[in-house]
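J.: The structure is given below, and queries will be raised subsequently.
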Amino acid sequence: MRWPQRSEGIRLRSGIELGYAPVTPTAQAVNLSEDADGLAWDIVVSVMDFLPGHSIGLNYAQTGSGWYLSPQFRPNEELLELRYQWRTEDFPLVEIRIREREDLDQEVTASRKRSEVDGYIRLTWEFDALKR
């Protein structure tokens, strides 16, 4: 969803994803005390161009321990992520992300839930050599 439907000026963009895996591994296979949950969902809310070229977004997700492979989300995980982008024509794209991940359920052989915080700052240059 994007509101208002334009490509310039301040805009709100949001999305929801929901998935369910009906066949999941046993508790022993996922190293938990109960059978794996196959539900996965996430919600994203972004404010685009709150200042010209500046956008910020928040992503919250929960992925059950029986969820299939995903490039973004690990099974048995709760995720909270904040991203900021600054895009101009004269400077590279600047993107900053900070993310917190934590296990939903503690693994049987673990002394505590896995929890981590990571982040990055990325600069992306675009080359116009092929357009000559």
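J.: Of all the residues that make up the range 96-115, how many are touching an Asp or Glu at 6+ places or on another chain (Cβ under 7 Å) and under 15 Å from Pro75 (Cβ atoms)?
T.: 6
J.: Now a separate question. Please verify whether Val23 is over 14 Å from the mean Cα position of the chain (by Cα), of a type outside the set (S, T, N, Q) and surrounded by 15 or more Cβ atoms within 10 Å (Cβ to Cβ), treating the condition exactly as stated.
T.: For Val23, the condition - over 14 Å from the mean Cα position of the chain (by Cα), of a type outside the set (S, T, N, Q) and surrounded by 15 or more Cβ atoms within 10 Å (Cβ to Cβ) - is not met.
J.: Pairs under 9 Å by beta carbon, first residue over 20 Å from Gln72 (Cβ atoms) in the range 48-60, partner of a type in the set (D, E, K, R) and not in a strand (DSSP E or B), six or more apart or different chains?
T.: Asp49/Glu8; Pro52/Glu8; Gly53/Arg87; Gly53/Glu89; His54/Arg87
J.: Among the residues of the range 8-45, how many are small (Gly, Ala, Ser), touching a strand residue (DSSP E or B) at 6+ places or on another chain (Cβ under 9 Å) and outside any strand (DSSP E or B)?
T.: Residues that pass the stated criteria total 3.
J.: Counting only residues that are surrounded by 14 or more Cβ atoms within 10 Å (Cβ to Cβ) and either assigned to a loop (DSSP other than H, G, I, E, B) or more than 19 Å from the chain's Cα centre (by Cα) (or both), how many does the range 82-92 have?
T.: Number of matching residues: 1.
J.: In the range 56-76, which residue that is out of contact with any Gly (no Cβ under 7 Å at 6 or more places or on another chain) and aromatic (Phe, Trp, Tyr) is surrounded by the most Cβ atoms within 10 Å (Cβ to Cβ)?
T.: The selected residue is Phe73.
J.: I need a count of the residues in the range 26-75 that are among the polar types (S, T, N, Q) and more than 13 Å from the chain's Cα centre (by Cα).
T.: 6
J.: Being under 30 Å from Met1 (Cα atoms) and of a type in the set (Val, Ile, Thr) is the filter here; which residues of the range 15-31 pass it?
T.: Scanning the range 15-31 gives a single hit, Ile16.
Rule-based calculations on the coordinates, nothing more; no lab input. Computed from a predicted model, the values in this text were never measured in an experiment. A quick note on method: Cβ atoms are made from the backbone with ideal geometry, for glycine too, and the neighbour counts reach across all protein chains shown.
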